[in-house]
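Everything on this sheet refers to the single structure shown next.
The values are calculated or read from the model by the stated rules, or taken from the named source; none is laboratory data. Only a predicted model underlies this, so the values are computations on that prediction, with no experimental measurement involved. Counting neighbours? That spans all protein chains shown, and the Cβs are built from the backbone with ideal geometry, glycine included.
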């Protein structure tokens, strides 16, 4: 998220018509972010190396121009370095130092990005937020197009027999991991400018894109982030800002869901009509008198209901069976297989990239996978309790930096949105078949 703890005074915020300069190191960072989104999140080596190189170049330029950041950044640097070093040591012990490269590169990018952003002024940090939201809108719109017209790889048909928005990240939950915190950030900015067409449209499109992923983790994480935002920015102000866009997004996603089941024919016209209706509801809630907005809302609900009658019963059954509950047998089995591996190597783990999770299906077939679909559990499997403690150290360091930045933030709502978005991201990574989901099931959720 976009946060800096440089000691800025409240008067550091530029006037409304101030022209924001774009330093070279910030431009490089923007390019790195766009490349990461376009290259499947930097998952594969070519994209990963390019993104890492760009971020490190941005860091070198920033430090050359502005000098090395102060001691307040040492905890984050130390925490990232400790986890990276442990990953390298554990990989070397397993006979393949190269297997630690993804972990080391990711931690390097986290620390370097924070340091680069710290070398910016108030206006430039707001520009960072705007660029992040702009890229998020592109991801959201492209994912929506992918589902409505079934364009691969912007959307993919999953094993659940559903078309889900993936955008250039080509994985629905990865797209949700980007869109959920950005949705929270966009709502925070909307709280400050509730009648801004740009902010209303941005928040609406991000929420639609998140819904198009059909990611239960993404939706719940977004709700967690919005709850945190309500605590920071005020419940009434947050509800007033998010409610019209949220209702509009529900209408748009409802129309798009007609094209989601693989057994149903794509309905791009109805999806576009629902998108336009939802946008009218979102804009109307912020700009129109309440009575006029109520009429538009009723029209939107009627349109969504009429469109729903076009969906076959089998298609709705697929959607309900796959997304209307929290259970996921495959992921539950992979999580249990991961815990079995943890029991074998609880302290040091099996090593980066060496996890092979094996379990039996109800029909007796034995299947295997590499991922536990839970970042914290994955770290525990690969790097053991030592790695998990070091990861928690990184999270604590980030939280301390964010907390330290609150008193000097040029925009309290930008700070609140970034902090709440960070909580949403942390919740999302835990929810994917983690303790959060199991606890919800125990509490009686379907």
For the structure I just gave you, tell me whether residue 156 is touching a strand residue (DSSP E or B) at 6+ places or on another chain (Cβ under 7 Å), modelled with pLDDT under 95 and surrounded by fewer than 24 Cβ atoms within 10 Å (Cβ to Cβ).
yes
Looking at segment 22-34, is at least one residue farther than 19 Å from residue 117 by Cβ and either modelled with pLDDT under 85 or part of a loop (DSSP other than H, G, I, E, B) (or both)?
no
Filter segment 178-212 down to residues that are surrounded by fewer than 24 Cβ atoms within 10 Å (Cβ to Cβ) and more than 15 Å from residue 237 (Cβ to Cβ) and give me whichever is farthest from the chain's Cα centre (by Cα).
197
With the structure loaded, tell me whether residue 148 is crowded, with 23+ Cβ neighbours inside 10 Å and closer than 30 Å to residue 211 by Cα or whether it fails that test.
yes
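Restricting to segment 119-131, and then to whatever is in contact with a helix residue (DSSP H, G or I) (Cβ under 7 Å, 6 or more places away or on another chain) and assigned to a helix (DSSP H, G or I), can you tell me which residue is farthest from residue 73 (Cα to Cα)? Steps first, answer last, please.
So the first thing to find is which residues in segment 119-131 are in contact with a helix residue (DSSP H, G or I) (Cβ under 7 Å, 6 or more places away or on another chain), and the list is 119-122, 124-126, 128-129, 131.
Subset that is assigned to a helix (DSSP H, G or I): 122, 124-126, 128-129, 131.
Details: 122: 18, 124: 19, 125: 17, 126: 21, 128: 19, 129: 21, 131: 24 Å.
It comes out as 131.
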Any idea which residue in segment 35-86 is modelled with the lowest pLDDT, counting only those that are in a helix (DSSP H, G or I), closer than 22 Å to residue 382 by Cβ and out of contact with any helix residue (DSSP H, G or I) (no Cβ under 7 Å at 6 or more places or on another chain)?
45
Among the numbered conditions (1) more than 22 Å from residue 401 (Cβ to Cβ); (2) in a helix (DSSP H, G or I); (3) free of Cβ contacts under 8 Å to residues at least 24 places away in the same chain, tell me where residue 148 comes up short.
(3)
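Kindly establish whether residue 116 is part of a helix (DSSP H, G or I) and surrounded by fewer than 23 Cβ atoms within 10 Å (Cβ to Cβ).
Details: part of a helix (DSSP H, G or I): yes; surrounded by fewer than 23 Cβ atoms within 10 Å (Cβ to Cβ): no.
No.
Look at residue 91 and say whether it is under 21 Å from residue 348 (Cβ atoms), touching a helix residue (DSSP H, G or I) at 6+ places or on another chain (Cβ under 6 Å) and either assigned to a loop (DSSP other than H, G, I, E, B) or touching a residue at least 40 places away in the same chain (Cβ under 8 Å) (or both). Give the steps one after another, and end with the answer.
Values: under 21 Å from residue 348 (Cβ atoms): yes; touching a helix residue (DSSP H, G or I) at 6+ places or on another chain (Cβ under 6 Å): yes; either assigned to a loop (DSSP other than H, G, I, E, B) or touching a residue at least 40 places away in the same chain (Cβ under 8 Å) (or both): yes.
So residue 91 passes the test.
Going by the conditions given, is residue 419 at pLDDT 75 or above, in a loop (DSSP other than H, G, I, E, B) and buried (at least 21 other Cβ atoms within 10 Å of the Cβ)?
Details: at pLDDT 75 or above: yes; in a loop (DSSP other than H, G, I, E, B): no; buried (at least 21 other Cβ atoms within 10 Å of the Cβ): yes.
The answer is no for residue 419.
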Residue in segment 306-316 that is more than 28 Å from the chain's Cα centre (by Cα), in a loop (DSSP other than H, G, I, E, B), surrounded by 13 or more Cβ atoms within 10 Å (Cβ to Cβ) and at pLDDT 85 or above present
no
